[in-house]
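The values are calculated or read from the model by the stated rules, or taken from the named source; none is laboratory data. These numbers come from a predicted model, not from an experiment. Note that each Cβ is placed from the backbone with ideal geometry, even for glycine, and that neighbours are counted across all protein chains shown. The area values use the complete protein model at the heavy-atom level, side chains included, leaving out ligands, DNA and RNA. Shrake-Rupley method; radii C 1.70, N 1.55, O 1.52, S 1.80 Å.
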Amino acid sequence: MAVKEKVLVVDDEPSIRKYLQTLLEVDGFEVETLSSGREAVKQISEGQRPDLVILDVLMQLDRTLNVIMLSCSNEVGTVVEAIRIGAHDYLTKPFEKSELDAAMLKSRQKKELVTENQVLRDYCDQVTEDLSFLAASPQMVRIRQQILQIAPVDVPVFVCGESGVGKEVVARMIHLRSKRRNQPFIKVNCAALPGELLESELFGFEQGAFTGAVRSKPGKFELANKGTIFLDEIAEMSTHLQAKLLHVLQDHQYSRLGGRHLIETDVRVLAATNVDVHEAMKTGRFREDLYYRLNVLSILVPPLRERTAEIPLLFRHFLDKYSEKFGKEAMQPSKHLLDAALNYPWPGNLRELENFVKRYVILEDDEGSLRELVEMSATRQRTSPRQEVTVPKEQGLKALVRGLKDEAEMEAIADALEKTRWCRKDAAKMLGISYKALLYKMRQFNLDTPRSRRTANATPNKESVAVPTGTSE
């Protein structure tokens, strides 16, 4: 049996209310009539939302409602004001049934179009995120298998990992493979808002709950009902709010800020953090009871440096994505650039790689991007305690800067020579310098032999620094 569409008629004239009710009920609608806007506002604020509102008062009930205005006046100013405050259509009394039918059809089509557009946007976002999940390494293959196992089981999941590793991608995949995949997926960044604002964002508020609350607003839990809510950076949530969240998970109900009525909730909760949860619990920053409530199942996403097999695939994915977005032809990255990307540890993980590829697409400079990666690697090695060069204080700041610059240059030249099998012309081209400049630098740094023989035979002095054959991050 088809569910009847609900129509709310608001008019101070009993004859108009009766007339509209008769017309609409004959067409199969479920009709309710009210005599004042105050009653309508009260009813809608309590959660009774009709599919369509027909009213004779110029007021803004809720911009998400489908509203058809009725009035005895057909003045242009009145019509414009009605549309400005949210009406989808406007009828002047008296009106024919065909006019009402046409207005209702237009309103229904607009509502369907809005819903269809939102579904398409959500689908495109989800597909894009799903494409970022590339299981080319044993670790990610295991995680994909975990997702396929736990997604259909309607319990909370705790996702851990460094910042930028793709915890949201994992959460979206869990949702897309779950029984709730056709329902909303709502993400909340718990670190983006202070505690009092985060509470109203999660649970909503009633009109007058605080200064500025001019109308009631549903929270994220309400919007995610029947679907999934993803609480990112949950360890940043205040302990007070953690306690309230724990009760919501236990009782499956809550009240809006300033509200007196309990709201039932049916939401699957996925949580994520990049902090050491056990350390946070020891210091009292994160509640143990909430952790054990959320950690029914857990997934640890490894950093990108531990799954380098994904780097070429992710590079290509981001390259295609931003080439299309910026209207550019997708470039083919050189082998040297991809090798450098494989060797760089990517401390910012997928987010850092994505931003690097974005710059690569915008600048269209393969050699410049390669130099950027080489410099980033050299900088990282200099700042590592194991690689830090000690310079006597009496040499002064200029000597320190010169020593660090020489070390970075020597490392970049040595890497370029090895990647080009000691073809000096190719190495000079890779580094973006002339062939003569390369020969001069090679003599300056005693780089006339391959690194393996040079580091085995040469004795470092004050003007040359021995470079290790390899490091692991």
Label point 7 Å beyond Cα of Met331 along Cβ direction - residues of segment 285-324 with amide nitrogen under 13 Å = 319-320, 323
ask   = Using a probe of 1.4 angstrom, how much of the accessible area of segment 214-309 is carbon and sulfur, in percent?
value = 47
inquiry  = What are the equivalent ellipsoid semi-axes of segment 230-362, built from the alpha-carbon gyration tensor (square roots of five times its eigenvalues), in whole angstrom, biggest first?
reply    = 41, 19, 12
inquiry  = If I model a spin label as a point 7 Å beyond the Cα along the Cα-Cβ vector, how far apart are those points for Asp101 and Phe210 in nm?
reply    = 5.1
key: Theoretical FRET efficiency, 1/(1+(r/R0)^6), r = Cβ-Cβ of Asp366 and Val3, R0 60 Å, to 0.05   = 0.55
remark   = At q = 0.18, 0.19 1/Å the base-10 log of I(q)/I(0) from the Debye formula over the alpha-carbon atoms of segment 136-176 is -0.50, -0.56
inquiry  = Quick check on my link table: of Lys244/Lys282; Lys220/Lys244; Lys179/Lys217, which ones sit more than 18 Å apart, alpha carbon to alpha carbon?
reply    = Lys244/Lys282; Lys179/Lys217
